[in-house]
1. Would it be correct to say that Leu203 is in contact (Cβ under 8 Å) with a residue 12 or more places away in the chain, farther than 19 Å from Gly94 by Cβ and crowded, with 21+ Cβ neighbours inside 10 Å?
2. Strands (runs of 3 or more DSSP E) wholly in segment 94-158 with at least 2 residues that are farther than 17 Å from Gly189 by Cα - which ones?
3. Could you tell me how many of the residues in segment 149-208 are in contact with a Phe, Trp or Tyr (Cβ under 9 Å, 6 or more places away or on another chain) and among the acidic types (Asp, Glu)?
4. For the subset of segment 66-88 comprising residues that are in contact with a strand residue (DSSP E or B) (Cβ under 6 Å, 6 or more places away or on another chain), more than 12 Å from the ligand (Cβ to nearest atom) and at pLDDT 95 or above, which member is most open to solvent (accessible area, probe 1.4 Å)?
5. Which condition does Thr208 not pass, out of (1) outside the structural domain of Gly80 (by TED's automatic domain parsing); (2) under 28 Å from Lys8 (Cβ atoms); (3) surrounded by fewer than 18 Cβ atoms within 10 Å (Cβ to Cβ), if it passes all the others?
6. Do you know which residues across segment 159-190 are assigned to a strand (DSSP E or B) and crowded, with 18+ Cβ neighbours inside 10 Å?
7. Of all residues in segment 45-56, which are surrounded by fewer than 22 Cβ atoms within 10 Å (Cβ to Cβ) and touching a strand residue (DSSP E or B) at 6+ places or on another chain (Cβ under 8 Å)?
8. Quick check on this structure: which one of Lys110, Lys102 is among the basic types (Lys, Arg), in contact (Cβ under 8 Å) with a residue 40 or more places away in the chain and within 16 Å of the ligand (Cβ to nearest atom)?
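The values are calculated or read from the model by the stated rules, or taken from the named source; none is laboratory data. Quick caveat, the model's predicted, so the values are computed rather than measured. So basically every Cβ, Gly included, is an ideal-geometry build from the backbone, and we count neighbours across all protein chains shown. When the accessible area is computed, the model is the full protein with side chains, heavy atoms only, and any ligands, DNA or RNA have been set aside. Shrake-Rupley method; radii C 1.70, N 1.55, O 1.52, S 1.80 Å.
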Amino acid sequence: MHRSELKKEAAEAALEYVPRGCVLGVGTGSTTMYFIEGLKKGWVRGAVPSSRETERALRKKGIRVFDLSQAKKVSLYVDGADEVDPKLRLIKGGGGALTREKIIATAAKKFICIVDESKLVKRLGKFPVPLEVVPMARAQVAREIRRRGGRPVWRKNFITDNGGEILDVYGWKVSDPVKKERELEGIPGVICAGVFGKRRADLLLVGTSQGVEKFISVTGIRW
Ligand code: 5RP
């Protein structure tokens, strides 16, 4: 099966977990777009989008859009990922929406990650780690990253929805995602690191050619 079919399969499986009448957090990317396609207008009270792109897609479906500050409670966050390790820790930000994605994922009670099987890895780091940075700090952050053994590549001509810039960092093996995330987010000028160690997914739905596989992280959440 083609990767896009596997993404669609995972996205459609996530629809079953959407509590009716809830406020839903919605991620960014092609897998998430399949999820939005499957959402029906009356199912949710509204949604908090992680990017302008997602906001447009939700509005097109007639789904009410909330700002995070307006939403008292986000019951569920659904999003894709660039890499997932066996403990459901993630690399995200291939689409550049990592900061809002991390904020909404952290605010949400539950986080379902939807991916095709190519995203599964034993250890994070083959996919470059995206960092959103304050534009005036870009060169300074890049120097600091090189000092720490990474190879930062500036995503030219790309400005995030927050007005930030992106450095994609190659060459790191991320064996302790929580530590790496904390270290990176401690560098002045870094707005957000695309390592989701602290806020990992609670449930992972993987599209495979044999059907959707389900993995639950040990968080004591009832599904
Ligand atoms: C956007 C993301 C996406 O979830 C990630 O890049 C995966 O995208 P896709 O579903 O298109 O493979 O983190 O910032």
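1. Spelling it out, Leu203 is indeed in contact (Cβ under 8 Å) with a residue 12 or more places away in the chain, farther than 19 Å from Gly94 by Cβ and crowded, with 21+ Cβ neighbours inside 10 Å.
2. 110-116
3. Selection size over segment 149-208: 4.
4. Restricting to residues being in contact with a strand residue (DSSP E or B) (Cβ under 6 Å, 6 or more places away or on another chain), more than 12 Å from the ligand (Cβ to nearest atom) and at pLDDT 95 or above, the top hit is Leu68.
5. Exception for Thr208: condition (1).
6. Hits for segment 159-190 are Glu165, Ile166, Leu167, Asp168, Val169, Val174, Val190.
7. Scanning segment 45-56 gives Arg45, Gly46, Glu55.
8. Only one candidate qualifies: Lys102.
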